[in-house]
Amino acid sequence: MSDETPSADKPARSGFFAKVRRGLFMTHTEILEKVGTAVKKSLGIDESVLESLEEALLSADVGAETAAALTEAVRERASGSQRKDLEFVRTLLSEEMERLLSSAPRPERRAEVPLFVTFLVGVNGSGKTTTTAKLAAREKAAGRGVLLAAADTFRAGAIEQLQTWADRLDLPIVRHREGADPSAVLFDALSAAKARGAGTLLVDTAGRLHTKKNLMDELAKMRRIAAREVPGAPHETLLVLDATTGTNGLVQARRFVEAAGATGVVLTKLDGSARGGIVLAIYRELKLPVVFVGVGETIDDLVPFDPADYAKALLEDDAAH
Ligand code: GDP
């Protein structure tokens with residue numbers, strides 16, 4: 001991938017960081033305002049500050065256990081220090097968050113295979129089609145031949161939406177009519193990808209079926225077809241989750257992990273959510289790495305997830321960058 005390598009190139013790094021930072025703006029502001037007010041009211045890092053910290057983490061959707069664990073870590077480290085200011089709380093929390101995120105499994109994204117097949121799964125409206133286009137743009141920029149498969153044949157407008165992106169990106173797409181069998185679209189797309197010698201096939205799948213058929217059964221069938229046609233496919237199955245739904249969305253997400261074999265998460269709409277802490281809940285509840293985050297509606301608003309940058313963007317002062 002043409003990943004912005006965070007350390008190698010200064011301008012790319014700041015661009016990358018700025019995007020994550022913009023995406024996390026609401027969460028950042030809310031956590032710091034809550035904790036900042038408590039620090040001002042008290043004389044040090046006392047119980048009321050720690051309580052406010054835990055509350056702020058809870059409303060950022062990090063999940064109850066993680067909020068308690070992070071607060072405890074800050075309590076311990078703060079008790080052994082003379083410093084009592086907000087900046088100190090912020091640094092401690094940022095370090096603890098980074099430590100927690102770094103301990104999670106890192107995605108092994110790209111197997112070196114001639115044709116890499118990615119499924120995008122998730123409920124309607126989570127951002128699958130948009131993310132498919134964003135990923136396609138990245139793959140194209142990395143010099144790989146990309147083919148798109150419009151296998152969300154059920155959501156009204158999904159096929160046209162992907163077609164519009166394909167036109168804009170000047171990429172080939174395999175599509176059937178609305179309501180067609182998603183597996184048939186996939187089969188044709190796999191054949192076309194092989195015939196063209198494409199390096200990447202991105203498959204936009206349905207979030208809901210209009211027939212009596214079960215979505216998970218359909219996705220399982222698609223997985224079997226992919227594996228039969230291309231060894232090891234799908235090589236990755238990205239679960240697209242909308243950050244604005246917060247931890248409520250995780251119950252439903254679990255079904256996609258169990259039944260659809262999701263291997264990683266793309267967390268979208270971080271730019272419109274104060275629940276940026278959900279990355280931590282995803283690691284804990286779904287045991288899946290967050291691979292990318294979506295920070296807007298335009299084609300380059302997709303950034304590879306980096307634990308250190310994430311923790312910094314969530315908690316550090318603007319002036320530090
Ligand atoms: P699908 O039903 O899962 O295919 O969802 P879509 O790709 O159609 O996305 C639903 C809506 O969310 C669209 O209006 C997208 O432009 C928007 N969207 C997707 N990703 C993001 C994101 O990262 N940030 C914002 N603000 N909007 C997004």
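The values are calculated or read from the model by the stated rules, or taken from the named source; none is laboratory data. Since we're looking at a predicted model, the values are computed, not measured. Backbone-built Cβ (ideal geometry, glycine too); neighbour counts: all protein chains shown. Protein only, heavy atoms only, side chains kept; ligands, DNA and RNA dropped before computing areas. Shrake-Rupley method; radii C 1.70, N 1.55, O 1.52, S 1.80 Å.
Classify the chain: rounded, prolate or oblate, from the alpha-carbon gyration tensor (a ≥ b ≥ c, eigenvalue square roots; a/c under 1.5 rounded; otherwise prolate if a/b is larger than b/c)? Taking the square roots of the gyration eigenvalues as a ≥ b ≥ c, the chain is prolate.
Kindly express, to the nearest 10 degrees and within the range 0 to 90, the angle between helix 158-169's C-alpha long axis and the longest C-alpha principal axis of the chain. That helix lies at roughly 90 degrees to the long axis. For the chain, the longest principal axis of the Cα atoms and the long axis of helix 25-41 meet at an angle of about 10 degrees.
Here the chain is scanned for GluC sites (Glu not before Pro) in DSSP loops (not H, G, I, E, B) that have at most 11 other Cβ atoms within 10 Å, and the longest stretch holding none of them is 113-321.
Rounded to the nearest 10 degrees, the inclination of helix 10-23 to the longest alpha-carbon principal axis of the chain is 80 degrees. A Cα-only calculation for the range 19-98 places Rg and Dmax at 11.9, 35 Å.
Carbon-plus-sulfur accessible fraction, the chain (probe radius 1.4 Å, protein heavy atoms only): 52%. Accessible surface calculations at 1.4 Å, restricted to protein heavy atoms, place the range 123-189 at 36 Å² per residue. Using the Kirkwood radius over C-alpha pairs as Rh, can you work out the diffusion coefficient of the range 124-171 via Stokes-Einstein at 4 °C, viscosity 1.567 mPa s, in µm² per second? Diffusion coefficient, whole number: 118 µm²/s. Inverting the pair-averaged 1/r between distinct Cα atoms of the range 97-199 gives 14.9 Å as its Kirkwood hydrodynamic radius. Counting only lysines at least 8 places from Lys140 when in the same chain, those with an alpha carbon closer than 19 Å to its own are Lys128, Lys194.
For Asp188, the solvent-accessible surface computed with a 1.4 Å probe is close to 70 Å², ligands and nucleic acids excluded. Ordered from longest to shortest, the equivalent ellipsoid semi-axes for the range 52-93 are 19, 11, 6 Å, each the square root of 5 times a Cα gyration tensor eigenvalue. For the chain, the mean residue ellipticity at 222 nm estimated from helices alone is -16500 deg cm²/dmol, where every DSSP H run of n ≥ 4 contributes -39500 (n - 2.57) and the total is divided by all residues, rounded to the nearest 500. Legend: calculated FRET efficiency, Arg254 to Arg110, from the Cβ-Cβ distance at R0 = 25 Å, rounded to 0.05, equals 0.45.
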